[in-house]
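The values are calculated or read from the model by the stated rules, or taken from the named source; none is laboratory data. Not measured: the values here are computed from a predicted model. All Cβ positions, even for glycine, are placed from backbone atoms using ideal geometry, and neighbour counts span all protein chains on display. In case anyone asks, the SASA skips ligands and DNA or RNA and just uses the protein heavy atoms, side chains included. Shrake-Rupley method; radii C 1.70, N 1.55, O 1.52, S 1.80 Å.
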Amino acid sequence: MGFPVAAGNVDHSSSSTSQYIPKLFSRKLVDKFYDTCIYMEIANMDHENEIKKMGDTVTIRTRATVSTFAYSKGQGLTYTQPDSPSVELNIDKGQGFAVKHFKIDEVQSDINMLDEFVEDANEQVKIAVDREFLASVPAQADAANSGASAGRISNNNLGTAVAPLAVTQNSILEFISKCGVVCGEQNLPKENCWMVLPEIALGLIKNSDLKDASLSGDGKSTIRTNLHGKVDRFNIIGSNLLNVSGDAFDVIFGHKSAITFAGQIEEFEVMPDPNDFGKLARGLFVYGYEVIKPDAMGHAVCTFAYG
């Protein structure tokens, strides 16, 4: 729409008959904000260099547990043969994209459209992988680390799909503490522990007692810095891609040893379009993940609300 023109005067804008004043297009595209992907933050990549292509399988060996016994002199010994199951990491998943770009558009456009398409495609692939990952792994947590009586020793209600745990700013620190107890009872190291929470839960933390800097332990309150930081033993990570049913979120927490992830770009190429004037761009990301230590991961089903 051109500049307003009073009645009886000639309009030369791009919407007029003459169009003497051209319509201008910015060379800078409006920024596009993507969901933050977190699978690389919580999973280890220990076996990534062992894969080469889709269909590969990496067999991961585990340490056996040796039985002990109380001994009395002369009782004789019974020998056991320790064994442990291996875990297989299957590279059985893939996400791809295929983009067509006409030569005429390439010549007439004042921006590199194909580069913009490919950059967006890469982000969309990561988001698709993350959403699938976060929907799949919660159910693989050890039974002792989830449910209404979570904890190998204690009983902590972490909610279920039928009866989610209601969490507010008055109870969120207690909830995180319960998850810490569950991890502690599995003898998980305090280093490299993580918890993935939705944005509303991060807001509850900022309105909880943790807004007092003396409780965060870092000299800066979370409400002033807007950093999630560390609460209890957990590095707090926010995600908008957590699995949610209704208003109940599948919250996961644990140690970085729990899940292993491996992925690579299997194929990326730009080629001439054999059927038209232009180019074809396509890419394939192959990957796999496995919960190799279920006892190092926990799962809670929660609703979050201010109250």
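If the Cβ limit is 8 Å and pairs must be 6+ apart or interchain, which residue in the stretch 116-141 that is more than 20 Å from VAL301 (Cβ to Cβ) pairs with which residue that is assigned to a helix (DSSP H, G or I)?
VAL129/TYR39
Output the residues belonging to the stretch 70-128 that are of a type in the set (Asp, Glu) and part of a strand (DSSP E or B). Show your work before the answer.
So in the stretch 70-128, the residues of a type in the set (Asp, Glu) come out as 83, 88, 92, 105-106, 110, 115-116, 119-120, 123.
The one that is of a type in the set (Asp, Glu) and part of a strand (DSSP E or B): GLU88.
Looking only at the stretch 187-242, filter to residues that are open to solvent by 30 Å² or more (accessible area, probe 1.4 Å), over 17 Å from GLN169 (Cβ atoms) and basic (Lys, Arg); which one of those is modelled with the highest pLDDT?
Residue satisfying both the conditions and the ranking: LYS190.
Looking at GLY94, GLY147, can you tell me which residue is under 28 Å from ASN207 (Cβ atoms), out of contact with any helix residue (DSSP H, G or I) (no Cβ under 9 Å at 6 or more places or on another chain) and either open to solvent by less than 50 Å² (accessible area, probe 1.4 Å) or of a type in the set (A, V, I, L, M) (or both)?
GLY147
Quick one: which residue in GLN108, GLN140 is under 30 Å from GLY283 (Cβ atoms) and either surrounded by 15 or more Cβ atoms within 10 Å (Cβ to Cβ) or under 23 Å from the mean Cα position of the chain (by Cα) (or both)?
GLN140
Give just the number: which of (1) surrounded by 10 or more Cβ atoms within 10 Å (Cβ to Cβ); (2) in contact (Cβ under 8 Å) with a residue 24 or more places away in the chain; (3) within 36 Å of the chain's Cα centre (by Cα) does LYS103 not satisfy?
Against the list (1) surrounded by 10 or more Cβ atoms within 10 Å (Cβ to Cβ); (2) in contact (Cβ under 8 Å) with a residue 24 or more places away in the chain; (3) within 36 Å of the chain's Cα centre (by Cα), LYS103 comes up short only on (3).
Can you run down the residue pairs with Cβ atoms below 8 Å, 6 or more apart or on separate chains, where the first is in the stretch 160-178 and free of Cβ contacts under 8 Å to residues at least 40 places away in the same chain and under 24 Å from ALA139 (Cβ atoms) and the partner is polar (S, T, N, Q) and open to solvent by 40 Å² or more (accessible area, probe 1.4 Å)?
LYS178/ASN157
Just give me the residues in the stretch 68-91 being touching a Gly at 6+ places or on another chain (Cβ under 8 Å) and either open to solvent by 70 Å² or more (accessible area, probe 1.4 Å) or among the polar types (S, T, N, Q) (or both), in sequence order.
Within the stretch 68-91, ASN90 is the sole residue that qualifies.
So ALA121 clears everything in (1) closer than 27 Å to TYR287 by Cβ; (2) at pLDDT 90 or above; (3) small (Gly, Ala, Ser) except one condition, right? Which one?
(2)
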